[in-house]
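Colleague: Please read through the structure below; I'll follow up with questions.
The values are calculated or read from the model by the stated rules, or taken from the named source; none is laboratory data. Please read all numbers here as calculations on a predicted model, not as lab measurements. So basically every Cβ, Gly included, is an ideal-geometry build from the backbone, and we count neighbours across all protein chains shown. Side chains included, ligands, DNA and RNA excluded: accessible areas come from the protein's heavy atoms. Shrake-Rupley method; radii C 1.70, N 1.55, O 1.52, S 1.80 Å.
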Amino acid sequence: MAIRNIVKIGDPILRKTSRSVLNFDEKLHILLEDMKDTLHKAQGVGLAAPQVGILRRVCIVELDEDEGVIELINPVIVEEKGEQHEVEGCLSIPDESGITVRPMYVKVKAQNRYGDTVFYEGEGLKARAFCHEIDHLNGILYKDRLEK
Ligand code: CO
């Protein structure tokens, strides 16, 4: 396990579209473990693979220790409801924050580290975190979603 470097805004990798994960192998598991360590060190709530320089559709979210780290591989938002306007920040954009417009509720379909299909639901902060991390896989940053 290792701490990886978090890519900062201005690096073109943050604007690229990540490719789907096809192999649920040891390499993926190492990436997930490293991302977990990196997220803990940075004390964030979520991290996407492009933020550590890997253009693969992988992201993690951790909102409370009880639930632990949610691993999302090839995630897709399949349902959303409502709207929220709340403060958001990003580990790739240090010392800044802004109010974004996000759905209040989302349902995410993804795969786990073994390739099984999994579903997660989130409201409020959790919905924001899912949307924020999935956006990273499409080269979108929270600054693109700021309230007008
Ligand atoms: Co971010």
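Colleague: Of the accessible area of the stretch 40-148, with the probe set at 1.4 angstrom, what percent is carbon plus sulfur?
Modeller: On the stretch 40-148, the fraction of accessible area on carbon and sulfur atoms equals 45 percent.
Colleague: Could I ask something else about it? When only C-alpha pairs under 8 Å and at least 6 residues apart count, what is the relative contact order of the chain, in percent?
Modeller: On the way: 302 pairs, mean separation 38.4, N = 148.
Answer for the chain is 26 percent.
Colleague: I've got another one for you. Could you give the length gained on full extension between SER20 and LEU55, defined as 0.36 nm per residue of separation minus the Cα-Cα distance, in nm?
Modeller: Extra length available between SER20 and LEU55 comes to 11.7 nm.
Colleague: Kindly state, to the nearest 0.05, the FRET efficiency for TYR114 paired with LYS148, given R0 = 30 Å and r defined as their beta-carbon distance.
Modeller: The calculated FRET efficiency here is 0.10.
Colleague: Say we join alpha carbon atoms closer than 10 Å with springs in a Gaussian network model of the chain; which of GLY98, GLY89, GLY46 then has the biggest fluctuation?
Modeller: For the chain, modelled as a Gaussian network with Cα springs under 10 Å, the answer is GLY98.
Colleague: Ok, one more. Roughly speaking, what is the centre-to-centre gap between the stretch 71-105 and the stretch 8-36 when only Cα atoms are used, to the nearest Å?
Modeller: A separation of 19 Å, based on Cα centres.
Colleague: Something else now. So what is the accessible area of the stretch 12-145 per residue, in Å², with the probe set to 1.4 Å? Mind showing how you got there, number by number?
Modeller: Working: 6470 Å² over 134 residues.
Per-residue accessible area for the stretch 12-145 comes out at 48 Å².
Colleague: Also: Placing +1 at every Lys and Arg Cβ and -1 at every Asp and Glu Cβ, with all other atoms neutral, what dipole size does the stretch 12-145 have around its Cα centre, in debye to the nearest 20? Working shown, then result.
Modeller: Working: 17 positive and 24 negative charges, 141 e Å.
Charge dipole, the stretch 12-145, about its Cα centre: 680 debye, nearest 20.
Colleague: Okay, moving on. What 222 nm value per residue comes from the helices of the chain, counting each DSSP H run with n ≥ 4 as -39,500 (n - 2.57) and dividing by all residues, nearest 500 deg cm²/dmol?
Modeller: That calculation yields -6500 deg cm²/dmol at 222 nm.
Colleague: Also: What longest range of the chain stays clear of loop-exposed GluC sites (Glu not before Pro) (DSSP non-H/G/I/E/B, at most 13 other C-beta within 10 angstrom)?
Modeller: Numbers: sites that count: GLU65, GLU67, GLU83, GLU147.
Longest run free of exposed loop sites: 1-64.
Colleague: For LYS27, give me every one of the lysines with a C-alpha distance below 23 angstrom, ignoring sequence neighbours fewer than eight places off in its own chain.
Modeller: LYS16, LYS36, LYS41, LYS109
Colleague: If eta is 1.306 mPa s and T is 10 °C, what Stokes-Einstein diffusion coefficient results for the chain, Kirkwood Rh from Cα pairs, in µm²/s?
Modeller: Stokes-Einstein gives a translational diffusion coefficient of 105 µm²/s.
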